[in-house]
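Structure first, then comments.
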Amino acid sequence: MKHLLKMLDLTSNDITNLLNLADQLKYENKHNITHHYLKGKTLGMIFQKSSTRTRVSFETGMYQLGGYALFLSSNDLQIGRGEPVEDTARVLSRYLDGIMIRTFEQKEVETLAEYGSIPIINGLTDFCHPCQVLADLLTVREYKGRLDGLKMCYIGDGNNMANSLIVGGLKTGMKVAVACPENYQPDQQVLDFANPTGKFELLTDPLQAAAGADVIFTDVWASMGQEGEAAERRKVFEGIYQVNDKILEAANEGCMVQHCLPAHRGEEITAEVFEAHAKEIFDEAENRLHAQKAVMATLMKD
């Protein structure tokens, strides 16, 4: 494992090893046990999309690992003024020990890895969100004691979260059911991976997808960069693709609810369901820190 570009690149063992290390780092963090695995290392963080959780968790994580995180806004870099990604990769590789990038195009992340000589971590693209899904899997395993054999349900837009959850769930032995409107389905690359497994269902009916679920995920109807489509998307999703009491009645007793945040209460999830599952959701948010520390330690440690 040289980079974290997308969940499709990881083996089941890669994911398990990252989750196990995240567990260890979380335990050590809670007990004030120092783990400066990246002492003297520097992570460059390129942000072409704004963020709360990604920036704070990576910056804090590097500090706790004994390293230093450098915030690099695209407004301040030559990459924002037309310098090729290939050149940026080769220059930054001579200064840094790793790069985390949060951007739009998956190709940009892949190009950084191709032309750079240091580990590249995908902090989010329009195609996938591997760091979030590692935190999601970590949270489900903490609450349920396992992943293998559980049923994951995702309701909403077939976006980067759906793409990564499908792959991460299936690679850890989960059954995965996804409910999306017909014109808002996950990426074909992901469906080509998922369909042959025999453990995947792509549906348009959320109640059908939620039946027997052990954990239900959702996300906003319009992601960052899709603000212009928000009104149109609301017409398609409203009243159907929402995690509410009716959806939870179809799921297994004790079903978890997860949301990558920020959440739009009253749209993809009701305020009542969000608050009833707030501890799980904010444990999930905290686990971004521990999962990403595991990624950084795995990729950047000598």
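FYI, it's all coordinate maths here, none of it is from the lab. Just so you know, these numbers come straight off a predicted model, no measurement behind them. Here the Cβ positions follow ideal geometry from the backbone for every residue, glycine too, while neighbour counts run over all protein chains shown.
Where the centre of each part is set by its Cα atoms, how far does segment 152-195 sit from segment 243-301, in angstrom?
Using only Cα atoms, the two centres lie 16 Å from each other.
At 7 Å along the Cα-to-beta-carbon direction for both Ala271 and Lys107, put a label point, then send me their distance in nm to one decimal.
Taking the two extended label points, one gets 4.4 nm.
Taking the Cα-to-Cβ direction at Glu114 and at Arg90 and moving 7 Å from each Cα, how far apart do the two end points lie in nm?
1.4
Can you give me the distance in nm between label points at Ile33 and Val56, each placed 7 Å from the Cα along the Cα-to-Cβ direction?
Taking the two extended label points, one gets 2.7 nm.
Compute and list, largest first, the equivalent-ellipsoid semi-axes of the chain from the alpha carbon gyration tensor, each √(5λ) rounded to a whole angstrom.
Working: eigenvalues 194, 97, 60 Å².
The equivalent ellipsoid of the chain has semi-axes of 31, 22, 17 Å.
How far, in nm, would the chain grow between Lys144 and Glu249 when pulled straight, counting 0.36 nm per residue and subtracting the alpha carbon separation? Could you put the intermediate results ahead of the total?
Values: separation 105, 0.36 × 105 = 37.80 nm, distance 1.88 nm.
Separation in residues times 0.36 nm, less the Cα-Cα distance, equals 35.9 nm.
Distance cut-off 31 Å, Cα to Cα: go down the list Lys6/Lys279; Lys144/Lys199; Lys49/Lys246 and report the pairs above it. Working shown, then result.
Working: Lys6/Lys279 28 Å; Lys144/Lys199 19 Å; Lys49/Lys246 35 Å.
Long pairs (Cα-Cα over 31 Å): Lys49/Lys246.
Can you tell me the relative contact order of segment 133-284? Whole percent, Cα pairs under 8 Å, sequence separation 6 or more.
Numbers: 272 pairs, mean separation 37.7, N = 152.
That works out to 25 percent.
Tell me the chymotrypsin sites (Phe, Trp or Tyr not before Pro) within segment 98-140 that lie in a loop according to DSSP and have at most 15 other beta-carbon atoms within 10 Å.
On the way: sites: Phe104, Tyr115, Phe127; in loops: Phe104, Phe127.
For chymotrypsin sites (Phe, Trp or Tyr not before Pro) across segment 98-140 that sit outside H, G, I, E and B with at most 15 neighbouring Cβ atoms in 10 Å, the list reads Phe104.
Gaussian network model of the chain, Cα springs within a sub-10 Å range: biggest mean-square fluctuation belongs to which of Asn195, Asn32, Asn159?
Fluctuation is largest for Asn32.
Work out how much length Asp76 to Ala211 would gain on full extension: take 0.36 nm times their residue separation and subtract the Cα-Cα distance, in nm to one decimal. Each step should come with its number before you reach the end.
On the way: separation 135, 0.36 × 135 = 48.60 nm, distance 4.84 nm.
Result for the pair: 43.8 nm of gain on full extension.
So for Val236, Val220, fewest C-beta neighbours within 10 Å to most, what's the order?
Numbers: Val236 16, Val220 23.
The fewest-first ordering by Cβ neighbours comes to Val236, Val220.
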